Amino acid sequence: MSEWFETLEGIREKAWHLLGQGAEDSRSAMHLAALATVGLGGGGEARMVVLRGASAADGTLEVQTDRASRKVDELQGTPLATLLFWDQETSVQIRARVRIDVLTGDAVEDRWQKLPDAARVNYGGQPAPSTPLDDPARYRETAERDRFAVLLGEVSSLDIVHLGDVHRRALFERKDGFAGMWLAP
Ligand SMILES: Cc1cc2nc3c(=O)[nH]c(=O)nc-3n(C[C@H](O)[C@H](O)[C@H](O)COP(=O)(O)O)c2cc1C
């Protein structure tokens, strides 16, 4: 029997399994990702985010954020982004290139209802994110439903690196149904 990292199908299944765990389990390494966007000035931007959803069937990944944050402006300018994950335990890097839809209002009411109060205060706050402050004590946390946004990422490709005795790299693209191909690592 071959190991999961020896076949394209094995790698694709492992990647979605790890992403699913990441979305469900806060102890999973793939609970956190770097979300890279195109900055408003044209350069790259990146920040850590929590993975909130992963669907292998739809090929989507989900993140939640404050609608007033700069990343939302960036994504409205250029909806193409990358979510980058690393799992030390399995030695797997996943680079998920996504096209992001920013969902707000009624479209995210079901997710808002599931959030505990302690999490709701992450979406709101005065003044808005990135506003310069004379004094950090001037910042007030508030839960504002209208500031809650879901970044729904339609995966266009998964670029996966496995660091084993032999390093392997595979690329899975939506355009051919994520059939997959090997790349030189
Ligand atoms: C471990 C960690 C997890 C984070 N998770 C999120 C998240 O899920 N959503 C989010 O909007 N910001 C999250 N942040 C804060 C972002 O990294 C970032 O500082 C903030 O969203 C402002 O980013 P922006 O100005 O690029 O929009 C997290 C930060 C850390 C350190």
Of the residues in region 104-125, those that are more than 14 Å from the ligand (Cβ to nearest atom) and either of a type in the set (Asp, Glu) or under 19 Å from Leu152 (Cβ atoms) (or both) come to Gly105, Asp106, Ala107, Glu109, Asp110, Trp112, Gln113, Lys114, Asp117
Going through region 110-144 in order, the residues found to be assigned to a helix (DSSP H, G or I) and either more than 21 Å from Lys71 (Cα to Cα) or β-branched (Val, Ile, Thr) (or both) are Asp110, Gln113, Lys114, Asp117, Ala118, Pro136, Ala137, Arg138
Can you spot a residue in region 4-13 that is of a type outside the set (A, V, I, L, M), away from the ligand (no atom under 14 Å from the Cβ) and open to solvent by less than 30 Å² (accessible area, probe 1.4 Å)? yes
With criteria (1) crowded, with 18+ Cβ neighbours inside 10 Å; (2) farther than 27 Å from Glu173 by Cβ; (3) within 12 Å of the ligand (Cβ to nearest atom), Gln64 comes up short on (2)
A careful count of residues in region 153-185 that are open to solvent by 50 Å² or more (accessible area, probe 1.4 Å) and under 21 Å from Leu80 (Cα atoms) gives 6
From the option list Ser130, Ser91, single residue qualifying as of a type in the set (Ser, Thr, Tyr) and open to solvent by 50 Å² or more (accessible area, probe 1.4 Å) is Ser130
Counted residues in region 23-44 being more than 21 Å from Ser69 (Cβ to Cβ) and either open to solvent by 70 Å² or more (accessible area, probe 1.4 Å) or aromatic (Phe, Trp, Tyr) (or both) come to 3
**OP:** For Leu51, state whether it is within 13 Å of the ligand (Cβ to nearest atom), without any contact (Cβ under 8 Å) to a residue 40 or more places away in the chain, surrounded by 19 or more Cβ atoms within 10 Å (Cβ to Cβ) and within 20 Å of Arg97 (Cβ to Cβ).
**Re:** yes
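The values are calculated or read from the model by the stated rules, or taken from the named source; none is laboratory data. In this text the structure is predicted, and so the values were computed from the model without any measurement. Positions of Cβ are generated from backbone atoms using ideal geometry, with glycine treated the same way; all protein chains shown enter the neighbour counts. SASA here: full protein model, heavy atoms, side chains in, ligands and nucleic acids out. Shrake-Rupley method; radii C 1.70, N 1.55, O 1.52, S 1.80 Å.
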